[in-house]
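**Student:** Can you read through this structure? Questions will come right after.
The values are calculated or read from the model by the stated rules, or taken from the named source; none is laboratory data. These numbers were taken from a predicted model, which means no experiment stands behind them. Counting neighbours? That spans all protein chains shown, and the Cβs are built from the backbone with ideal geometry, glycine included. Accessible surface is based on the protein model in full, side chains and every heavy atom, while ligands, DNA and RNA are left aside. Shrake-Rupley method; radii C 1.70, N 1.55, O 1.52, S 1.80 Å.
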Amino acid sequence: MSEEEAAEAEPEDIEAEEETEETSTGADLFGVWDVSDIEYSDPSTQRYLNVTPVAHTMGRHASKQFEKSEISVVERLINRLMQTEDNTGHKQKTTRIVRDAFEIVHERTEENPAQVLVEAVENAAPREETVRLKYGGISVPKAVDVAPQRRVDQGLKFIAQGTLNASRNTATPVEEALAQQLVGAADYDVNVYPISQKEETERVAAAAR
């Protein structure tokens, strides 16, 4: 707004504009968690770990190739958790699960759960994996480096699978299971599924060098 427009504007209009600017810049994830000061320890995956206050973009990037990296990693976790027979198509239900798990993470660690999620994905992302090359009729495993975008995909996949394994056919609520996976992966606990899968993937790749 220019100085002339500001002088002519009504006081109510100026107050409304100021409130709108404060709302747009001061939004928090789930209305609670500030995501403006997230720290990254792995520069290779930083551009693919986007953290925004928006946890549901209504499929805005669904038809664009490689645009998934523009989506918040929180929403990508929600989408991963939906890839089960229990949560398929239930976006709001899965969003509530993640929100409740974040509350549990905060109670246990007294840290920003969005920061814990970023650390968990960074730790669970494998740096090396195996592909199979065919020479004639022989299939030979070959170790290859993992692209940063795929590293994030794999980290989220391991966290979602670990949550499913820990909550299915057990008395553990899914929110509790997800919180355990996030906290354990952020602490690099080899006993949790995401880290054990990462270690196994890299061990097999090391043997195929």
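**Student:** What are the extents of the Cα atoms of the stretch 91-209 along their three principal axes, listed from largest to smallest and rounded to whole Å?
**Tutor:** Here the Cα extents, ordered largest to smallest, are 54, 29, 26 Å.
**Student:** Given an 8 Å cut-off on Cα distances and at least 6 residues of separation, report the relative contact order of the stretch 124-170 as a percent.
**Tutor:** It rounds to 38 percent for the stretch 124-170.
**Student:** Could you work out, for the stretch 89-159, what percent of all Cα-Cα pairs fall into each 10 Å distance bin, beginning at 0 Å and stopping at the bin that holds the largest distance?
**Tutor:** 18, 31, 26, 14, 9, 2
**Student:** Given the convex hull of the Cα atoms of the stretch 17-124, what is a quarter of its surface area in nm²?
**Tutor:** Details: hull surface 33.4 nm².
For the Cα atoms of the stretch 17-124, the hull's average projected area reads 8.3 nm².
**Student:** Grab the other residues whose beta carbon is less than 14 angstrom from that of residue 69, score K and R as +1, D and E as -1, and report the net.
**Tutor:** On the way: positive: 47, 60, 64, 68, 76, 150, 151; negative: 67, 70, 75, 153.
Charge balance near residue 69 sits at +3.
**Student:** Next question. Ratio of alpha-carbon Rg to the 2.2 N^0.38 Å globular estimate for the chain, to two decimals, please.
**Tutor:** Numbers: Rg = 20.9 Å, N = 209, 2.2 N^0.38 = 16.8 Å.
Rounded to two decimals, the normalised Rg is 1.25.
**Student:** Now, a different point. Give me the 1.4 Å probe accessible area per residue for the chain, excluding ligands and nucleic acids, in Å².
**Tutor:** Details: 12150 Å² over 209 residues.
On a per-residue basis, the chain sits at 58 Å².
**Student:** Sticking with this one: On the protein heavy atoms, probe 1.4 angstrom, tell me the percent of accessible surface of the stretch 22-164 carried by carbon and sulfur.
**Tutor:** On the way: 3640 of 7830 Å².
Heavy-atom surface of the stretch 22-164 belonging to carbon and sulfur, 1.4 Å probe: 47 percent.
**Student:** Which of 127, 76, 168 ends up with the largest GNM mean-square fluctuation for the chain, with Cα atoms connected below 10 Å?
**Tutor:** In this elastic network of the chain, the residue with the biggest mean-square fluctuation among 127, 76, 168 is 168.
**Student:** Sort 116-126, 79-89, 194-204 by the packing proxy (mean of other Cβ within 10 Å over each peptide's residues), most packed first.
**Tutor:** Numbers: 116-126: 24.6, 79-89: 15.2, 194-204: 18.0.
With the highest mean Cβ count within 10 Å placed first, the list reads 116-126, 194-204, 79-89.
**Student:** Still on this structure, I have one more. Quick check: from the Cα gyration tensor, does the stretch 129-177 come out rounded (a/c under 1.5), prolate or oblate?
**Tutor:** Working: a/c = 6.33, a/b = 2.28, b/c = 2.78.
Note, shape of the stretch 129-177 comes out oblate.
**Student:** Between 190, 131, 35, which gets the highest mean-square fluctuation from a Gaussian network model of the chain, Cα cutoff 10 Å?
**Tutor:** 131
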